[in-house]
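Everything on this sheet refers to the single structure shown next.
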C-alpha cells in the first residue's frame, strides 16, 4: 500500500480528503495523535484506534498518544493519583499491542494543560463557543446524564491539544466527530489552523449488533479477558448469516474481522473438519464476508476463528497486565 492507502484504510471519514492526500505526499515526520482518558484496561475501542496508529507509523508518521489525565478528572473518572496510575499501565499495554515504542510519544495532559498560555487560550476559545455547542460536542463521550460545566470545557481542551501537541492529523472514533468539527470551527478564531481529522468506525455491541460496543455497557472485549472469556463472548456474538436488508443492525463479528484482524494478519485460516469441507483461507476481508453471506462459511466457524485471532492480538497485553498485578 502507498501512504494514502495506509492512512485511509478502514477510515469512516476523512476531514478533508484533500488535506489527507496532501499529508500523504510527504508523511515522514508528520505527527498524528489520539487522546484517551486513562480510565481502565485497554478494550476493543482502544485497539481499533491503535490499529490505525500502526498504519500511520508504517506510512511514516510519528505517533502521539495523549493520556488525558486532566480530561479524565473533568469527566469524573477518579482522583489524579488513580488516573495517573492507570495511565502508566496503559502505556505498557499500547506497546504490547504492537505500536512501535521508538516511534510512539506518550504525553500526559497535565504536562501542558495547566500552563498559563494554554489556560489563556482556553479562555479565548470559551469566548468563541456557546454552551449549547460545547454540550452537543460532548454529548456522545460524557459520563452521566447531564453535562457539568467541567464537561462543557472538555471539548475545547481537546481542540487546543491538537495545537499544543503540534499535530498534523487528529484521530478519533466517530463519536469524536462533533469535537473535531468544533476544533475546525473555533481554532482559526484564535489564530491557529483548522486541524485535519480522521475518524474510525464504531463497532456495534457484540451481542446485539446495535449501538456502540462500550466498556461501560453491554458486552465488549478487553485485555483483561482470558482466552476462555474471549471465546465465550465471541461465541455469543450476534452474527446473522445474511446482512440486514434494512441496515438497522451491524454484524459485529464481521466488523471485528474487518477493523481488527485483517489489518494485523496477512492471512486468516478458518479451521474446519474435513467432513465439512476442510480449512478455509482468506487473504482479505471481502472474501470472508462474501463466504459468510453465501453460506460457504458458517457463523460458528467464523466465530471460532475470530476468537483465536483476537486472543492472539490481546495476549501480549494480558501478559503485561499480569506483570503489573504481580508487582502490586
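A convex hull fitted around the alpha carbon atoms of the range 149-267 yields 169 Å³ per residue.
Starting from the alpha-carbon convex hull of the range 85-195, give the projected area averaged over all orientations, in nm². Numbers along the way, then the final one.
On the way: hull surface 31.4 nm².
Reported value for the Cα convex hull: 7.9 nm².
In what sequence, highest mean first, do 61-67, 187-193, 273-279 appear when ranked by Cβ atoms within 10 angstrom? If you can, show how the numbers build up before the last one.
Details: 61-67: 23.0, 187-193: 14.1, 273-279: 9.4.
Averaged packing, sorted descending, gives the order 61-67, 187-193, 273-279.
Would you calculate, for the chain, the mean residue ellipticity at 222 nm contributed by helices, counting each DSSP H stretch of 4 or more residues as -39,500 (n - 2.57) and dividing by all residues, to the nearest 500?
When only DSSP H runs of four or more count, the value is -14500 deg cm²/dmol.
Counted residue by residue at 0.36 nm each, then reduced by the alpha carbon distance between them, the extension gain from residue 9 to residue 135 reaches 42.3 nm.
At a temperature of 20 °C and a viscosity of 1.002 mPa s, determine how fast the range 227-327 diffuses translationally according to Stokes-Einstein, using the Kirkwood radius over alpha-carbon pairs as Rh; express D in µm²/s, rounded to the nearest whole number. Before the final figure, lay out the partial values.
Working: Rh = 14.6 Å.
Estimated via Stokes-Einstein, D reaches 147 µm²/s.
Just so you know, all these numbers are worked out from the coordinates, no wet-lab data involved. This one's a predicted model, so the numbers in the text were calculated from it and none came from an experiment. With ideal geometry, Cβ positions are generated from the backbone for all residues, glycine too; neighbour counts draw on all protein chains shown.
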